[in-house]
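J.: Before we start, here is the structure in question, set down as structure tokens.
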Amino acid sequence: MIGLLASSVAAVYVVRLLLDHFQARRSISDHPGYRIFFSQSSILSNFLPAIRGITPGSNHLFRNRHKMYEYFGWDIISAVSVWPWNSVTIYLADAAAIKEVTTSRARFPKSVRFYQTLLFFGPNIIASEGDEWKKYRKISAPAFSDRNNKLVWDETAKIMTELFGTVWGDQTTISLDHCLDVTLPIALFVIGAAGFGRKSSWIDDDSIPAGHQMTFKDALHGAASSVFLNIIIPRGVMGFTERTRKVRLAFDELHKYMTDMIRDRQTSEKEERHDLFSSLLKANDEDSGGAKLTESELIGNIYMFLIAGHESTAHTLCFAFALLALYPDEQETLFQHIKSVLSDGRVPTYEDMDLLTHSVAVFYETLRMFPAVTGIPKDCAEDTTLTTTNAQGEKTTIPIPKGAGVIIDASGLHFNPRYWEDPEVFKPARFLGKWPHDAFMPFSAGARACLGRKFFETEGIAVLTMLVSRYTIEVKEEPQFAGETFEAKRDRVLAAWPGLTLSPVRVPLTFKLRGTKHT
Ligand code: HEM
């Protein structure tokens, strides 16, 4: 009897799922795309490999680039899934449709459910929408000022000078097992100094202040390098291993430091400071027009600057160095351009930045090929339509129902041959002349565009320019890879996995001091 009841309930459930599935397909006029079992927002679809009819698999936007649009025939495609609920997701690799989405915030608000895991330090600008987001943006935006950019440049230059002088010293060849081992500390030192107003050094042995169990630098590094772990492991089970206990301590310590810093800056003498943290506190004090941020909101937001500010920067620097190592002709072109700007071999200043156009081009080309955020998620807030074309130039208008997910597919757009000639080729010069701005979306666009774009560009250009003017970059020779083809080497060095942002798997590099003989 119970068996009969259970199978009847199961049969009704399956019929219901199927009816909902066909209704979901009808709601988008069955526009071509994936018909899959697992919903795109289900956790499983982030871990499984591609299985036809089940899921396009983990990291599919980066893996497929524009190929899936070619396969389905349009620059907008759909995914309709069955379980745990029927859902419709629309993927966009069409520049005009993306512009429409990024400029219609009420119709296509940010899909904040993808960012709920980033709420553990408090409500913040990245994980909010509506009036709450407006309040955070209004108070945060002034912190990303020209004075802050100058601070970013000066601090980056100091960090690089110390790296070359004290850490690498008189070594003429420096080999790294993974380039991230140097780009991650650089990015953290810069966000520490220009974000929090706390300077760190490559070789300091700070004593631990009273009331703490870790230095600020260790708490920052520990928390920043384990965000992913902190998200996927519930706090209750973090006490089980030495590694996770350390991660938990780093987060607790960072929280304590931030609380102390808020108290400290509120009670100490007011001095002129241009780091993001001080500016945020100042704007919060001065903002008489709207509600003030609570302590939890202040910490949530500044913590977001740390997360948004270091990881994507470190990864992008790493991919840029990998590409320059694989394409020495492009590296030489960059070097010659830097030499023409800094003809006397001096350390570049913030005022030189606008002249370093080739360094910008290298970063843009890196971000075109390796966008840190491959899919920018939006929700569709009302029944609407989007129009796209196919390779033959024919148009189609797709109905998009309220509640559908809309993903701006940066990889699909950046490899769309309609906008980019030879999209698979690393060609920084494409960014020196006229280029299709609407088809370049690494920082998103519109009201929700990245607030830290200039912060990143300033830091990145300073790092790249200083490093390339002093060292050549090569892929590290490793005996186990002797004799591999160029294609195999390229695929190995440029392999990426989907962490919090697109992450390099392992980039082994050798830096050789220019102007010295190497055997
Ligand atoms: C390579 C470097 C970077 C890339 C590619 C990048 C990319 C992005 C993207 C795509 C978004 C939009 C995300 C979404 O809507 O879902 C975003 C938002 C944001 N980014 Fe960045 N970012 C970078 C560096 C930075 C830095 C250095 C900071 C701060 C120091 C920063 C702070 C922010 C903030 C605060 C937002 C939220 C803006 C809002 O919603 O109003 N980013 N970034």
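J.: On the given criteria, is residue 514 within 23 Å of the chain's Cα centre (by Cα) and open to solvent by 20 Å² or more (accessible area, probe 1.4 Å)?
T.: Here the answer is no, as residue 514 does not meet what is asked.
J.: Collect the residues in region 137-153 that are part of a helix (DSSP H, G or I), out of contact with any His (no Cβ under 7 Å at 6 or more places or on another chain), touching a residue at least 40 places away in the same chain (Cβ under 8 Å) and within 14 Å of residue 451 (Cα to Cα), keeping them in residue-number order.
T.: Hits for region 137-153 are 137, 138, 139, 140, 141, 142, 143, 149.
J.: Here is a further query. Of the numbered conditions (1) polar (S, T, N, Q); (2) open to solvent by 20 Å² or more (accessible area, probe 1.4 Å); (3) away from the ligand (no atom under 16 Å from the Cβ); (4) in contact with a strand residue (DSSP E or B) (Cβ under 8 Å, 6 or more places away or on another chain), residue 64 fails exactly one; give the number of that condition.
T.: It fails just one condition, (4).
J.: If you go through region 365-383, how many residues are under 29 Å from the mean Cα position of the chain (by Cα) and more than 21 Å from residue 70 (Cα to Cα)?
T.: 11
J.: For region 365-388, give me the residue count where each residue is touching a residue at least 24 places away in the same chain (Cβ under 8 Å) and either surrounded by fewer than 18 Cβ atoms within 10 Å (Cβ to Cβ) or away from the ligand (no atom under 16 Å from the Cβ) (or both).
T.: Count: 6.
J.: Another question, then. Considering each of 156, 117, 102 in turn, give the residue that is surrounded by fewer than 18 Cβ atoms within 10 Å (Cβ to Cβ) and assigned to a helix (DSSP H, G or I).
T.: Result: 117 is the single residue among 156, 117, 102 that is surrounded by fewer than 18 Cβ atoms within 10 Å (Cβ to Cβ) and assigned to a helix (DSSP H, G or I).
J.: Still on this structure: Could you say whether any residue in region 290-313 is under 30 Å from residue 467 (Cα atoms), open to solvent by 10 Å² or more (accessible area, probe 1.4 Å), away from the ligand (no atom under 14 Å from the Cβ) and in contact with a helix residue (DSSP H, G or I) (Cβ under 9 Å, 6 or more places away or on another chain)?
T.: Checking region 290-313: not a single residue is under 30 Å from residue 467 (Cα atoms), open to solvent by 10 Å² or more (accessible area, probe 1.4 Å), away from the ligand (no atom under 14 Å from the Cβ) and in contact with a helix residue (DSSP H, G or I) (Cβ under 9 Å, 6 or more places away or on another chain).
J.: Quick check on my filter: what residues within region 188-220 are modelled with pLDDT under 85 and exposed (fewer than 14 other Cβ atoms within 10 Å of the Cβ)?
T.: Within region 188-220, 203, 204, 205, 206, 207 qualify.
J.: Only one of 362, 425 is of a type in the set (A, V, I, L, M) and open to solvent by 10 Å² or more (accessible area, probe 1.4 Å). Can you tell me which?
T.: Step by step, each of 362, 425 is checked, and only 425 is of a type in the set (A, V, I, L, M) and open to solvent by 10 Å² or more (accessible area, probe 1.4 Å).
J.: Could you say whether any residue in region 440-447 is in a loop (DSSP other than H, G, I, E, B), crowded, with 17+ Cβ neighbours inside 10 Å, at negative phi and small (Gly, Ala, Ser)?
T.: yes
J.: A further question follows. Quick check on region 494-511: of everything there that is open to solvent by less than 20 Å² (accessible area, probe 1.4 Å) and over 21 Å from residue 442 (Cα atoms), which residue is nearest to the ligand (Cβ to nearest atom)?
T.: 507
J.: Only one of 310, 274 is under 19 Å from residue 144 (Cβ atoms), not charged (D, E, K, R) and not in a helix (DSSP H, G or I). Can you tell me which?
T.: Going through 310, 274 in turn, the sole match is 274.
J.: Same structure, new question: On the given criteria, is residue 158 among the charged types (D, E, K, R) and within 9 Å of the ligand (Cβ to nearest atom)?
T.: It is false that residue 158 is among the charged types (D, E, K, R) and within 9 Å of the ligand (Cβ to nearest atom).
J.: Would region 341-349 turn up any residue that is crowded, with 23+ Cβ neighbours inside 10 Å and not small (Gly, Ala, Ser)?
T.: no
J.: Please determine whether any residue of region 37-58 is among the charged types (D, E, K, R), within 30 Å of residue 422 (Cα to Cα) and assigned to a helix (DSSP H, G or I).
T.: no
J.: Let me ask something else about it. If a residue must be in contact (Cβ under 8 Å) with a residue 60 or more places away in the chain and charged (D, E, K, R), how many such residues does region 389-408 contain?
T.: Within region 389-408, residues that are in contact (Cβ under 8 Å) with a residue 60 or more places away in the chain and charged (D, E, K, R) number 0.
J.: Same structure again: Checking residue 345 against (1) away from the ligand (no atom under 16 Å from the Cβ); (2) in a helix (DSSP H, G or I), which test does it fail?
T.: The failed condition is (2).
J.: Residue by residue through region 387-408, note down the ones that are more than 31 Å from the chain's Cα centre (by Cα) and assigned to a loop (DSSP other than H, G, I, E, B).
T.: 392, 393, 394 - these are the residues of region 387-408 that are more than 31 Å from the chain's Cα centre (by Cα) and assigned to a loop (DSSP other than H, G, I, E, B).
The values are calculated or read from the model by the stated rules, or taken from the named source; none is laboratory data. No experiment lies behind these values; they were computed from the predicted model shown. Cβ atoms come from the backbone with ideal geometry, glycine included; neighbour counts cover every protein chain shown. Side chains are part of the model used for accessible areas, which takes the heavy atoms of the whole protein and leaves out ligands, DNA and RNA. Shrake-Rupley method; radii C 1.70, N 1.55, O 1.52, S 1.80 Å.
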